[in-house]
Amino acid sequence: MPICSAGTFRKAPLANNSQYNGDALRSDDGAVDHVELRVDGVAMVRLLGPQDRLLKTIERQYPRVEVLVRGNEITLDGDADQVHAAVRLVEELVTMVRADQELGQHDVNELSVTESAKILAADPKVSPAELLSQAILTSRGKSIRPKTLGQKSYVDAIDDNTIVFGIGPAGTGKTYLAMAKAVQSLQRKEVSRIILTRPAVEAGERLGYLPGTLTDKIDPYLRPLYDALNEMMDPEIVPKLLAAGTIEVAPLAYMRGRTLNDSFIVLDEAQNTTPEQMKMFLTRLGFGSKMVVTGDVTQVDLPAGASGLQLVTRVLDEIDEIHFVRLTSEDVVRHSLVGRIVDAYTKYDAERQAQRFERLNDREQADGVNRAGRRGRQPQDHQAPGPQTKRWGR
């Protein structure tokens with residue numbers, strides 16, 4: 001069954017239409033196209049989302065294309081090149097819907113359209129539906145898969161390297177995808193156990209002495225890892241695997257003195273490790289093991305001193321089988337506001353750094369002028385006291 005059937009392309013000015021502004025949509029060479037697509041076997045609400053959100057997203061991606069929908073027919077008018085690209089994009093989105101990807105969820109449709117358009121612009125021969133539809137895990141009817149090009153390169157790096165550093169802002173799926181790959185490796189029997197760890201550092205607050213046993217005290221710091229495990233696996237199986245030691249969730253301090261063989265190890269919140277802790281953790285690597293280190297260098301909660309994650313990017317950057325993946329705000333898969341918040345803080349930090357550098361440069365220049373002035377100053381002559389000079393104490 002064909003994905004969708006297209007009407008005849010025509011490179012000529014369109015007939016007058018009250019809903020179509022030919023001058024606004026026509027390209028520089030005046031070529032425009034009119035294409036009609038008929039989508040078969042797909043519920044349009046799954047493709048377009050509530051209130052036809054997808055159409056608005058496509059028009060933002062291709063501003064010289066007007067998209068209209070009637071029933072199961074999609075009509076695209078406008079600049080010839082952009083119409084061709086939009087048609088290709090719609091076909092890929094239909095393929096994604098056929099693969100049970102939900103494009104109608106809040107903010108997911110916009111992300112799918114944007115990433116698919118980027119992939120097609122970079123290489124028209126590559127299929128976004130194929131590239132972004134490779135599920136890592138399927139749990140309770142929900143597929144876990146990379147949703148952006150950055151996430152796809154991150155997942156591929158985990159497959160191809162022994163140690164991978166995933167560095168990026170909140171919401172980019174660094175830890176979630178790493179844990180999904182860990183569970184996948186365990187299910188495929190590529191490793192015999194999963195070890196999840198993170199430093200027990202408070203996020204800018206002092207909680208004081210927590211009640212309960214040692215496990216009760218450290219559990220709040222490790223709760224995000226437990227939550228992700230319960231999403232990816234049967235909640236009834238997780239406690240059994242924890243009790244058997246097949247899955248271990250522990251604070252970073254418990255890693256010292258161990259050799260971790262045949263394991264998939266994930267270190268989360270690595271920006272809160274000291275350089276000594278980072279070295280200690282990385283040297284735990286044993287035979288048949290794989291490590292993934294995740295963190296956000298802009299959210300360091302250490303009370304003082306340098307972050308081990310910031311230092312390791314300079315120390316280990318050129319070693320084989322160690323790979324650094326840097327995700328950006330374009331890879332944020334949470335609410336669309338999260339990406340804009342990350343960009344705003346990044347801009348603010350860059351401005352502060354520029355101002356700090358400017359002040360430091362001005363201070364150095366002022367110090368240089370002062371030093372030059374002191375070097376060029378002539379020493380004052382001190383005359384010996386004459387016979388008429390009165391000396392005290394004599």
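The values are calculated or read from the model by the stated rules, or taken from the named source; none is laboratory data. Remember, it's a predicted structure, so these values are computed and weren't measured experimentally. Every residue, glycine as well, gets a Cβ built from its backbone with ideal geometry; the counts of neighbours run over all protein chains shown. The area values use the complete protein model at the heavy-atom level, side chains included, leaving out ligands, DNA and RNA. Shrake-Rupley method; radii C 1.70, N 1.55, O 1.52, S 1.80 Å.
For the reader, a short list of remarks on this structure follows.
- Computed FRET value (nearest 0.05) for residue 40 with residue 135, which takes r as the C-beta separation and R₀ as 25 Å: 0.50
- Residue 317 accessible area, assembled protein chains, probe 1.4 Å, Å²: 80
- Extended-chain gain in nm, criterion 0.36 nm per residue less alpha-carbon gap, residue 314 and residue 367: 16.0 nm
- Surface calculation, 1.4 Å probe, protein heavy atoms: residue 241 sits at approximately 40 Å² accessible.
- Take the Cα of residue 343, step 7 Å toward its Cβ, do the same at residue 219, and the gap between the two points is 4.2 nm.
- Residues in the range 31-39 carry Karplus couplings, in order, of 7, 10, 9, 10, 10, 10, 10, 10, 8 Hz; the curve used is 6.51 cos²θ - 1.76 cosθ + 1.60 with θ = phi - 60°, and Gly or Pro positions show x.
- Cβ-Cβ FRET estimate between residue 72 and residue 170, R0 fixed at 51 Å, reported to 0.05: 0.80
- For the range 158-205 versus the range 231-281, the gap between their alpha-carbon centres in whole angstrom: 9
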